[in-house]
Structures are given as C-alpha cells and as structure tokens.
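K.L.:
Below are the structure tokens for one structure; questions will follow.
The values are calculated or read from the model by the stated rules, or taken from the named source; none is laboratory data. Note that the coordinates shown come from a computational prediction; the quantities given were computed from them, not determined experimentally. Don't worry about glycine lacking a Cβ; one is built from the backbone with ideal geometry, like all the others, and counts go over all protein chains shown. Note: areas computed on protein heavy atoms with side chains; ligands, DNA, RNA excluded. Shrake-Rupley method; radii C 1.70, N 1.55, O 1.52, S 1.80 Å.
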Amino acid sequence: MLARFLKWTGFTLMVLSTLIAGIFIVGETFTDPGGWKAAGLVAAWAVPLAVLAALAWYRPGWAVPVCVVVTGALIGISIWCPVSPRGKGPTEAVLTFALAAAIAVLGLKRTGVAGVLLLAVGIVPFAVSSLGRGHGPNSLAAVSFAPVVTGVLYLLSASIKSGRPVPSSHTDTGPGELPKAAGSRPAPRPAARL
C-alpha cells in the first residue's frame, strides 16, 4: 500500500511539473521565435516525448534500453553544451524536461529502473552544467527538481515493494548464509538403515 502511494505521488508530481513546464516552454517558444518556427521547435520535443511515453506504457521492456540510451545522450549533450560556442539557450532544460516526463510514465511499470534514470536525468546535467559554467542555469534547476524527487520516491517504492529494506547507515547485516553455486545440487542424504 505504501509502495503504491509513493509511486503515484511521484508520478503526480511529475505530471504537474510536466504540465507547468510544458505550458511555460510552449508559451515562451511561441512568444520569441513565433510562427512556424515555434511550431517546429515545440514538435521537436513534444513528438519524441509522446513516442517515448507511449513506448513506456505499452512496451516497457523495450522502453528501458531506449530510455537508458537517450539518458546517456542527454548526459553527453550536457557535457558538450558548456564547451560548445553554440551551447546557448535552454536546450538542456527542454531535453531534461521531455525525457523525465517519459521516464515518469515508465515508472508506472518499471519503478526501480525509472527511479535510477530519473535521478541520473535530474542530477547529472545540472551538476555538469554547474561545473562548466560556474553556476547552474535557473531553467535547468527548475526542471531538475521534480525528476530528482520522483526518482527518490520511485526507488523507495520499488524497495518497499520488493521487500528489501531501504539501505541504512548501519552496514552490519548480521550472520548470513553463504550463497550457493548456480548449478550446485544439494548433497545426497545417506540411505536410512532398516
């Protein structure tokens, strides 16, 4: 029950964040370049967001490697933007926003994986951007907050659901049993005497 509550709380946070950021991004795009150029720029992130979200909902097994690759690409872009002379504008923030929204949908089916990906999407681009420019852009900080919180909620939910305790600062796990070899069979019992 608690795992489900945490998962849906994280998803709700991402839905609200996506709606607010999406309205803001669309409004800014149609204000500044305007016209067909703005429509093309909005479609450049809205169509991949819709495709990734649909893939995450209908085929979560296929969506996991796709989201991992796209997350890696986002991290690569985050490294490239601060050193590029053309690395201006809200590119990282818009990409982070769109990818995090799609990964949040994946979290409804694959909560643990989505939690890790959301943490990577929320933390790494902001950290790299902060190191490269000396400060993190406000737009990237704004869109990174919800994925980080949702990622933590998803990981807690997955941990509770799987029955594994959340890691604590106390590392002593007590006496345990050594793991058995993968293909080993139990030793045969001696025959009973009559």
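K.L.:
Conditions: (1) in contact (Cβ under 8 Å) with a residue 12 or more places away in the chain; (2) open to solvent by 30 Å² or more (accessible area, probe 1.4 Å); (3) more than 21 Å from Leu140 (Cβ to Cβ). Met1 meets all but one. Number of the miss?
P.N.:
(1)
K.L.:
So the check is Cβ under 8 Å with 6+ separation or different chains; which pairs have a first residue in segment 87-116 that's surrounded by 17 or more Cβ atoms within 10 Å (Cβ to Cβ) and a second one that's of a type in the set (Gly, Ala, Ser) and part of a loop (DSSP other than H, G, I, E, B)?
P.N.:
So the pair list comes out as Ala114/Gly107; Gly115/Gly107.
K.L.:
Looking at (1) surrounded by 15 or more Cβ atoms within 10 Å (Cβ to Cβ); (2) under 20 Å from Cys67 (Cα atoms), which is the one condition that is false for Ala54?
P.N.:
Unmet for Ala54, out of (1) surrounded by 15 or more Cβ atoms within 10 Å (Cβ to Cβ); (2) under 20 Å from Cys67 (Cα atoms): (1).
K.L.:
Let me ask something else. Restrict the check to segment 64-71 and report whether at least one residue is surrounded by fewer than 20 Cβ atoms within 10 Å (Cβ to Cβ) and on the phi > 0 side of the Ramachandran plot.
P.N.:
no
K.L.:
Further question on the same structure: List pairs: first residue in segment 47-75 and among the polar types (S, T, N, Q), second residue surrounded by 12 or more Cβ atoms within 10 Å (Cβ to Cβ) anywhere in the structure, Cβ distance under 9 angstrom, at least six positions apart or on different chains.
P.N.:
Between residues of segment 47-75 that are among the polar types (S, T, N, Q) and residues that are surrounded by 12 or more Cβ atoms within 10 Å (Cβ to Cβ), the close pairs are Thr71/Leu99; Thr71/Ile103; Thr71/Leu117; Thr71/Ala120; Thr71/Val121; Thr71/Val124.
K.L.:
Another question, if that's okay. From the list Pro179, Pro190, which one is open to solvent by 60 Å² or more (accessible area, probe 1.4 Å), at pLDDT 65 or above and either part of a loop (DSSP other than H, G, I, E, B) or touching a Ser or Thr at 6+ places or on another chain (Cβ under 7 Å) (or both)?
P.N.:
Sole residue among the options that is open to solvent by 60 Å² or more (accessible area, probe 1.4 Å), at pLDDT 65 or above and either part of a loop (DSSP other than H, G, I, E, B) or touching a Ser or Thr at 6+ places or on another chain (Cβ under 7 Å) (or both): Pro190.
K.L.:
Check Ala114, Ala56, Ala73, Ala101 and return the single one that is more than 18 Å from Thr9 (Cβ to Cβ), touching a helix residue (DSSP H, G or I) at 6+ places or on another chain (Cβ under 7 Å) and modelled with pLDDT of 90 or more.
P.N.:
Ala56
K.L.:
Restricting the first residue to segment 128-141 and requiring it to be at pLDDT 80 or above, which pairs with a second residue that is open to solvent by less than 60 Å² (accessible area, probe 1.4 Å) meet a Cβ separation below 6 Å and a spacing of at least six or different chains?
P.N.:
Taking only residues 6 or more apart or on different chains, the pairs are Val128/Ser78; Leu140/Glu92; Leu140/Ala93; Leu140/Ser129.
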